[in-house]
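Enquirer: Sharing a structure, written as structure tokens. Questions coming.
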Amino acid sequence: MVKDIELIKTRFETNFKTYNKLALVQQHICNELNLLISTLCEGDITRAMEIGAGTGFLTSNLTKLYPNSEWYFNDLTPYSGNFISEFAEQTSHTYIWGDAEEIDFPENLDLIASASTVQWFEDIDGFLSKAHKANNRDGYIALTTFGKENFKEIESTMGEGLDYLSRLELEDLFIKNGYEIVHSNDYTKSLLFDTPLDVLRHIKATGVNSIKRERLTKSSLLEFENSYKSLFSIADGRVTLTYHPIIIIGKAHL
């Protein structure tokens, strides 16, 4: 899939206000990542960067964890600043807006952190190469993304989805680009919804429907509902939506 930057940017900007209320899985993942960073990332973290700060789930945690660090905050859209400023302003910080695959990274970073962002990247290999060059020796990269089971229901019923990598494939890319794997895990979590339409509303309200511009027709929507119910209903009639988080922390070495 070739990413449509403007579509991704527009849809996340449109749904930032509902994201905080409805992106509960992403919030839980950020809390997990923060705990792992606090436990596993040893040494002084004096310069750090967050990729894809969004509405600040991870930002709020990291700025409490490392309040005296020099911070660089990135997101695809500057609109993110309206949400993360309350956390960023408590630190020495710089905003770097734009596509993290295209922008220049600061040098000598002790930590690069990112939650639920790199699944949108076209070239994760290239991103990790750039990150390693920006990391200090023994610096860390800590990120979460999603695996191949993510939104499997949407892939099965609508035939669309991101090109997810497996945890093992990601580990191989970390190692290829000069990182020692400090931590790696993945799991699946299913949310329950009353109807397939509620699934679509959830996806739209969290901004993660930034794949295609086309709208569903009345007939295709009915076909989607029937297919979804037949494949992914549970005993009480509700339907599932699967998330597949992956969390990886790497330590840079030469």
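The values are calculated or read from the model by the stated rules, or taken from the named source; none is laboratory data. Since the model is a prediction, treat every value here as computed from it, not as a measurement. Note: ideal-geometry Cβ built from the backbone for every residue, glycine included; neighbour counts use all protein chains shown.
Enquirer: Right, Gly161: out of contact with any strand residue (DSSP E or B) (no Cβ under 9 Å at 6 or more places or on another chain) and either buried (at least 17 other Cβ atoms within 10 Å of the Cβ) or closer than 28 Å to Ala113 by Cα (or both) or not?
Expert: Yes.
Enquirer: Any idea which of (1) touching a residue at least 12 places away in the same chain (Cβ under 8 Å); (2) not in a strand (DSSP E or B) is the one Leu168 doesn't satisfy?
Expert: For Leu168, the exception is condition (1).
Enquirer: Could you tell me whether any residue of region 62-69 is surrounded by fewer than 16 Cβ atoms within 10 Å (Cβ to Cβ), hydroxyl-bearing (Ser, Thr, Tyr) and farther than 22 Å from Phe12 by Cα?
Expert: no
Enquirer: Going through Leu231, Leu170 one at a time, which residue ends up being modelled with pLDDT of 95 or more and under 27 Å from Gly52 (Cα atoms)?
Expert: Numbers: Leu231 fails: under 27 Å from Gly52 (Cα atoms).
Exactly one residue qualifies, and that residue is Leu170.
Enquirer: Could you list all residues from region 42-64 that are within 20 Å of the chain's Cα centre (by Cα) and hydrophobic (A, V, I, L, M, F, W, C)?
Expert: Within region 42-64, Ala48, Met49, Ile51, Ala53, Phe57, Leu58, Leu62 meet the criteria.
Enquirer: Here's a follow-up. Name every residue in region 17-58 that is under 21 Å from Leu76 (Cβ atoms), outside any loop (DSSP other than H, G, I, E, B) and of a type in the set (Ser, Thr, Tyr), in order of residue number.
Expert: Residues satisfying the conditions are Thr18, Tyr19.
Enquirer: Also, I was wondering about something else. Can you tell me which of (1) within 21 Å of His202 (Cα to Cα); (2) buried (at least 22 other Cβ atoms within 10 Å of the Cβ); (3) in contact (Cβ under 8 Å) with a residue 60 or more places away in the chain is the one Tyr19 doesn't meet?
Expert: So Tyr19 meets the others, but not (2).
Enquirer: Tell me, please, whether a residue that is of a type in the set (Asp, Glu) and assigned to a loop (DSSP other than H, G, I, E, B) can be found in region 173-181.
Expert: Residues of region 173-181 of a type in the set (Asp, Glu): 180.
From what's left, assigned to a loop (DSSP other than H, G, I, E, B): none.
Checked against the condition, which is being of a type in the set (Asp, Glu) and assigned to a loop (DSSP other than H, G, I, E, B), region 173-181 yields no hits at all.
Enquirer: Consider region 65-112. How many of its residues are among the small types (Gly, Ala, Ser), assigned to a helix (DSSP H, G or I) and under 18 Å from the mean Cα position of the chain (by Cα)? It would help to see each step written out before you state the result.
Expert: Our first condition is that a residue be among the small types (Gly, Ala, Ser); within region 65-112, this holds for 69, 80-81, 85, 88, 92, 98, 100.
Checking the rest, the ones that are also assigned to a helix (DSSP H, G or I) come to 80-81, 85, 88.
With under 18 Å from the mean Cα position of the chain (by Cα) added as a condition, the list becomes 80-81.
The qualifying residues number 2.
Enquirer: Between Asp163, Asp194, which is modelled with pLDDT under 95, of a type in the set (Asp, Glu) and out of contact with any Ser or Thr (no Cβ under 9 Å at 6 or more places or on another chain)?
Expert: Asp163
Enquirer: I need a count of the residues in region 103-146 that are at pLDDT 95 or above and touching a Pro at 6+ places or on another chain (Cβ under 9 Å).
Expert: Looking only at that region, the number is 4.
Enquirer: Collect the residues in region 37-57 that are of a type outside the set (Gly, Ala, Ser) and in contact (Cβ under 8 Å) with a residue 12 or more places away in the chain, keeping them in residue-number order. Step through it out loud before you land on a result.
Expert: Going through region 37-57, the residues of a type outside the set (Gly, Ala, Ser) turn out to be 37, 39-42, 44-47, 49-51, 55, 57.
Within region 37-57, Ile37, Leu40, Cys41, Asp44, Ile45, Thr46, Arg47, Met49, Glu50, Ile51, Thr55, Phe57 qualify.
Enquirer: Which count do you get for residues in region 217-253 that are in contact with a Gly (Cβ under 7 Å, 6 or more places away or on another chain) and either closer than 21 Å to His28 by Cα or of a type in the set (A, V, I, L, M) (or both)?
Expert: Total satisfying the criteria: 3.
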